[in-house]
1. Karplus couplings for the range 131-143 from phi (6.51 cos²θ - 1.76 cosθ + 1.60, θ = phi - 60°), rounded to Hz, Gly and Pro as x?
2. Tell me which aspartates and glutamates have Cα within less than 14 Å of Lys277's Cα, excluding those fewer than 8 residues away on the same chain?
3. For the chain, give me the percentage of DSSP beta bridges that are antiparallel, rounded to the nearest 5 percent.
4. Give the carbon-plus-sulfur fraction of the accessible surface of the chain in %, rounded to a whole number; probe 1.4 Å, heavy atoms of protein chains only.
5. Could you list, in their original order, any pairs among Lys195/Lys219; Lys54/Lys232; Lys54/Lys219; Lys180/Lys233 whose Cα atoms are separated by more than 18 Å?
6. Work out from phi, with θ = phi - 60° and the Karplus expression 6.51 cos²θ - 1.76 cosθ + 1.60, the ³J(HN,Hα) of each residue of the range 237-252, listed in order in whole Hz, and give x for Gly and Pro.
7. So how tilted is helix 209-220 from the main axis of the chain? Cα-based, degrees 0 to 90, rounded to 10.
8. How big is the range 116-211 by Rg and Dmax over its Cα atoms, in Å?
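The values are calculated or read from the model by the stated rules, or taken from the named source; none is laboratory data. Computed from a prediction, not measured in an experiment: that's the story for all the values here. These area figures cover heavy atoms from the full protein model, side chains too; ligands, DNA and RNA do not enter into them. Shrake-Rupley method; radii C 1.70, N 1.55, O 1.52, S 1.80 Å.
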Amino acid sequence: MTTTTDSEVVTYERRGPVAIVTMNRPEYRNAQNSAMTYALDAAFTRAVEDADIKVIVLAGAGEHFSAGHDIGSPGRDVSVHYENKAVMWWDHIGRDGGDQRFARESEVYLGMCRRWREIPKPTIASVQGACIAGALMLAWVCDMIVASEDAFFADPVVRMGIPGVEYFAHPWVLGPRAAKEILFTGERFSAAQAKEWGMVNRVVPRDDLESETLALAGKIAEMPSFGLALTKKAVNQAEDLMGMRSGMDSVFGLHHFAHAHNAEVSDGDSLGGQTAKSMAAQAKKE
Ligand code: ZN
């Protein structure tokens, strides 16, 4: 049973006690626009409200999990109004400069990621191909990550003069040294490397990605829902006591300082002159 929402940018499928939520813009390597953000949120809400669903899998249709935030597809919709779901703040539409950026990114990036991290059911990211920048945020908010051997990861936004993506989990999910290495170099790292650093739970052949993810989900689904919810909260609280939440808040300020600096020195361009194309071209050179 597959159903689609919001012009099919996200699909929702039930397999017994498992909900499979799939990003569905494969022609743009599942670049995340606001339509996709709110469709993901609706799909997660549906899975949370369905008492028969025990585990949620987040996947990407096509060759790649996701290329990150949409900074250049024809469906880029930063000027479209959506009702805020993640934070109590005014809408970014009609605002200028830092006021606009802070409102928008608080809602669709940091706020949504935090909201999804707190989904009271276990979530598993099933990752193949590219998982770049904003896509790391989606994988990281999931409780576990199963990656195929061909998966690769990178956060190259330091090239924009920005200290990493908005959901700054890097030091907690990678450890400080690996976090610095991936940020300082912007280079891709493999699924095997991600596993060695403890960022990924399992690495499996591409052909087995779905079956291995579902097997893991099935095992977890045998546990009682409330026990899983409390256990998830326990680990998340421990992570926050390790400073993740407050650390992220402080870095979100640096992130916005960088956007504002870029806008100040390069004609209002908060991305420092980088585009989806230039970022992809630099990645290829590596
Ligand atoms: Zn940003």
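1. 9, 10, 6, x, 5, 4, 4, 5, 5, 5, 6, 6, 6
2. Asp70
3. Values: 12 of 34 bridges.
Bridges in the chain are about 35 percent antiparallel.
4. On the way: 7280 of 13200 Å².
Solvent-exposed carbon and sulfur of the chain make up 55 percent of the total.
5. Numbers: Lys195/Lys219 21 Å; Lys54/Lys232 13 Å; Lys54/Lys219 10 Å; Lys180/Lys233 28 Å.
The answer is Lys195/Lys219; Lys180/Lys233.
6. 5, 4, 4, 5, 5, 7, x, 4, 5, 6, x, 4, 4, 5, 6, 4
7. With both axes taken from Cα atoms, the answer is about 60 degrees.
8. 12.8, 40
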